[in-house]
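Visitor: Below is a structure I'd like to ask you about.
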Amino acid sequence: MFSRVPEKMSMILLLMILVFSGCSILYISFVTTNALKEQAREDILGFATFAASHVDGDVVETLRPGDEGTPEYLALQESLIRMKGAFPNIKNAYVMRATNGRVSFVVDDDYGILAGAAPIGREYVSITPDMLRGFLEPTVESEFTSDEWGTTLSGYSPVRNSRGEIVALVGVDVDKDVVIAKQNIINWTSYMIVFLAILMAVFGVLGVEQVRGKLMKDLKDRESRFYALFEGTYDAIIIIVNGAYTDCNSSAERMLEGTKAQIIGKTLWDLAPEVQPGGQSSSAIA
């Protein structure tokens, strides 16, 4: 019974370590995912604001369907491509305007380069509240959004003309896989740190348990040798604590003419004659 209690404690400790580690992994994953998404949103917002400040709103106002080959259009497109090149994580950059509740493309950085890119006037149908707010102030989508060009995290910033009027917005997209890949790197790094901590804790507990087991074995061996000596000797051995018998061997049982159950718990004078051979009372001598 004595040796089983520490074993149970070790198992409880190991279980607590595993539970705590599992909760830590979930918490770390949640925190890092949110932190990285917020960092990505801040980066996107900064780029959208920077790009919008370099787009000529007066030129945007003049562009109409069919102007894709004009120097003005090509200059705006080249500006978006150049700025996108400075931020490799940006997948798409474009200029849109809103007319009568409809949102349409003005400049798509991939037009004439990739199939499926939007010409001037092509309506964008996957409008979100955050995109509409982007015509008023810099903003970023709160979640990933999907359209025919993929699943992205998008940011927007208004474009103004020379009179300070908002005439369009600049939109930028970061591919979902790029954000998730960064999250995975941080998450796996965190997981490895927690996993190594678990291994260290488990091996520590197992090491302590191994030492405890050896000590328990040594203690049992000592107890066995002591018991063999205690019971095997012809001399009477009695253990007394605070004046009462707590243990005795078989020789003491014979000497006191009783069983161990009858002797344990009695005091020195409980089992002694009232008067000793010398004439003195046993209680006085005790």
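The values are calculated or read from the model by the stated rules, or taken from the named source; none is laboratory data. These numbers were taken from a predicted model, which means no experiment stands behind them. Here the Cβ positions follow ideal geometry from the backbone for every residue, glycine too, while neighbour counts run over all protein chains shown. For accessibility, only protein heavy atoms count, side chains too; no ligands or nucleic acids. Shrake-Rupley method; radii C 1.70, N 1.55, O 1.52, S 1.80 Å.
Visitor: Among Asn161, Asn92, Asn100, which is among the polar types (S, T, N, Q) and open to solvent by 60 Å² or more (accessible area, probe 1.4 Å)? Even if it seems obvious, please write down each step before you answer.
Guide: Details: Asn161 fails: open to solvent by 60 Å² or more (accessible area, probe 1.4 Å); Asn92 fails: open to solvent by 60 Å² or more (accessible area, probe 1.4 Å).
That would be Asn100, the only listed residue that is among the polar types (S, T, N, Q) and open to solvent by 60 Å² or more (accessible area, probe 1.4 Å).
Visitor: Quick check on my filter: what residues within the range 143-170 are under 23 Å from Asn89 (Cα atoms), touching a residue at least 60 places away in the same chain (Cβ under 8 Å) and not polar (S, T, N, Q)? Quick ask: steps written out before the conclusion?
Guide: Residues of the range 143-170 that are under 23 Å from Asn89 (Cα atoms), as a first pass: 143-159, 169-170.
Next, from what is left, pick out any that are touching a residue at least 60 places away in the same chain (Cβ under 8 Å): 152-159, 169-170.
Across the range 143-170, the qualifying residues are Leu153, Gly155, Tyr156, Pro158, Val159, Leu169, Val170.
Visitor: Right, something else. Hey, does the range 208-220 have a residue that's touching a helix residue (DSSP H, G or I) at 6+ places or on another chain (Cβ under 8 Å), open to solvent by 50 Å² or more (accessible area, probe 1.4 Å), within 30 Å of Ile17 (Cβ to Cβ) and not basic (Lys, Arg)?
Guide: Yes, because at least one residue in the range 208-220 is touching a helix residue (DSSP H, G or I) at 6+ places or on another chain (Cβ under 8 Å), open to solvent by 50 Å² or more (accessible area, probe 1.4 Å), within 30 Å of Ile17 (Cβ to Cβ) and not basic (Lys, Arg).
Visitor: To continue, here is another question. What pairs can you find where one residue is in the range 30-59 and closer than 20 Å to Ile90 by Cβ, the other is open to solvent by 50 Å² or more (accessible area, probe 1.4 Å) and at pLDDT 90 or above, and their Cβ atoms are less than 8 Å apart, with a gap of 6+ or different chains?
Guide: Leu45/Pro138; Ala48/Pro138; Thr49/Pro138; Ala52/Pro138
Visitor: How many residues, within the range 221-259, are in contact with a Ser or Thr (Cβ under 8 Å, 6 or more places away or on another chain), among the charged types (D, E, K, R) and assigned to a helix (DSSP H, G or I)?
Guide: Taking the range 221-259 first, the residues in contact with a Ser or Thr (Cβ under 8 Å, 6 or more places away or on another chain) are 231, 233-237, 239-240, 243-245, 249, 251, 253.
Keeping just the survivors that are among the charged types (D, E, K, R) gives 231, 235, 253.
Then drop every residue that is not assigned to a helix (DSSP H, G or I), which leaves 231, 253.
Adding up the residues that qualify gives 2.
Visitor: Next question. Looking at the range 122-140, can you tell me whether even one residue there is under 14 Å from Tyr156 (Cα atoms), among the aliphatic types (A, V, I, L, M), without any contact (Cβ under 8 Å) to a residue 60 or more places away in the chain and open to solvent by less than 40 Å² (accessible area, probe 1.4 Å)? Working first, answer last.
Guide: Taking the range 122-140 first, the residues under 14 Å from Tyr156 (Cα atoms) are 127-140.
Subsequent filtering for residues that are among the aliphatic types (A, V, I, L, M) retains 127, 131-132, 136, 140.
Retained after the next criterion (residues that are without any contact (Cβ under 8 Å) to a residue 60 or more places away in the chain): 127, 131-132, 136.
Checking which are open to solvent by less than 40 Å² (accessible area, probe 1.4 Å) leaves us with 131.
Checked against the condition, which is being under 14 Å from Tyr156 (Cα atoms), among the aliphatic types (A, V, I, L, M), without any contact (Cβ under 8 Å) to a residue 60 or more places away in the chain and open to solvent by less than 40 Å² (accessible area, probe 1.4 Å), the range 122-140 yields at least one hit.
Visitor: With respect to Asn100, determine if the residue is without any contact (Cβ under 8 Å) to a residue 24 or more places away in the chain and not β-branched (Val, Ile, Thr).
Guide: Working: without any contact (Cβ under 8 Å) to a residue 24 or more places away in the chain: yes; not β-branched (Val, Ile, Thr): yes.
Yes.
Visitor: Residue by residue through the range 103-121, note down the ones that are closer than 20 Å to Phe135 by Cα and open to solvent by less than 30 Å² (accessible area, probe 1.4 Å).
Guide: Residues satisfying the conditions are Val103, Ser104, Phe105, Val106, Val107, Asp108, Asp109, Ala118, Ile120.
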